[in-house]
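S.K.: First, the structure itself, so that you have it in front of you.
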Amino acid sequence: MTSASDLIGTWRVVGFSEWGADGKEHQPIGGSPAGFAVFDTTGRVFFQLSRSTAEGASPDEVAQSFMAYFGKVSVSGDTLRVAAEAGNNPEDVGTTQSRTITLDGDTLTIGIPGRIQATLRREAKS
């Protein structure tokens with residue numbers, strides 16, 4: 001069973017998918033998104049994600065795709081909850097977001113089955 005302490009560290013976003021009303025998987029910010037999630041020892045997560053200039057995205061496309069939030073984290077079983085303290089989506093601020101998580105070694109998946117999924121890899125400590 002995953003605990004919040006298992007997540008402490010820096011995670012690089014290596015994939016982000018959404019499933020539309022048509023049931024098909026889409027990659028709204030490209031196949032190689034740029035982003036990180038940092039889970040700290042105070043029980044917070046800081047998450048930032050956008051299109052990648054490595055895939056040819058312009059600075060405007062990167063800025064328009066930018067998603068960010070931070071908040072207090074709790075983990076229970078395979079559920080991650082984030083009490084969003086701030087973020088670029090005003091509808092999320094002040095709410096608690098629940099996501100299904102799977103931790104397999106240094107790979108973390110976070111999402112809402114059938115709607116969204118982010119895949120992250122733990123960054124090596126230097």
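The values are calculated or read from the model by the stated rules, or taken from the named source; none is laboratory data. If you're wondering where the values come from, they're calculated on a predicted model, not measured in any experiment. Here the Cβ positions follow ideal geometry from the backbone for every residue, glycine too, while neighbour counts run over all protein chains shown. In case anyone asks, the SASA skips ligands and DNA or RNA and just uses the protein heavy atoms, side chains included. Shrake-Rupley method; radii C 1.70, N 1.55, O 1.52, S 1.80 Å.
S.K.: Under the condition of being hydroxyl-bearing (S, T, Y), outside any helix (DSSP H, G or I) and farther than 19 Å from Q117 by Cα, which residue from region 24-63 is modelled with the lowest pLDDT?
M.R.: Applying the filter and picking the extreme gives S58.
S.K.: Kindly indicate whether F46 is open to solvent by 30 Å² or more (accessible area, probe 1.4 Å) and of a type in the set (F, W, Y).
M.R.: yes
S.K.: Which of the residues spanning region 112-126 are among the aliphatic types (A, V, I, L, M), surrounded by 14 or more Cβ atoms within 10 Å (Cβ to Cβ) and within 18 Å of L7 (Cα to Cα)?
M.R.: Result: A118, L120.
S.K.: Of all residues in region 71-111, which are open to solvent by less than 40 Å² (accessible area, probe 1.4 Å) and within 12 Å of the chain's Cα centre (by Cα)?
M.R.: Scanning region 71-111 gives L80, V82, I101, L108, T109, I110, G111.
S.K.: Determine, yes or no, whether T53 is over 18 Å from A4 (Cβ atoms), in contact with a Leu (Cβ under 8 Å, 6 or more places away or on another chain) and among the polar types (S, T, N, Q).
M.R.: no
S.K.: Out of V38, V73, V62, V14, which single residue is in contact (Cβ under 8 Å) with a residue 40 or more places away in the chain, among the β-branched types (V, I, T) and in contact with a Ser or Thr (Cβ under 7 Å, 6 or more places away or on another chain)?
M.R.: Within the list V38, V73, V62, V14, the selection yields V14.
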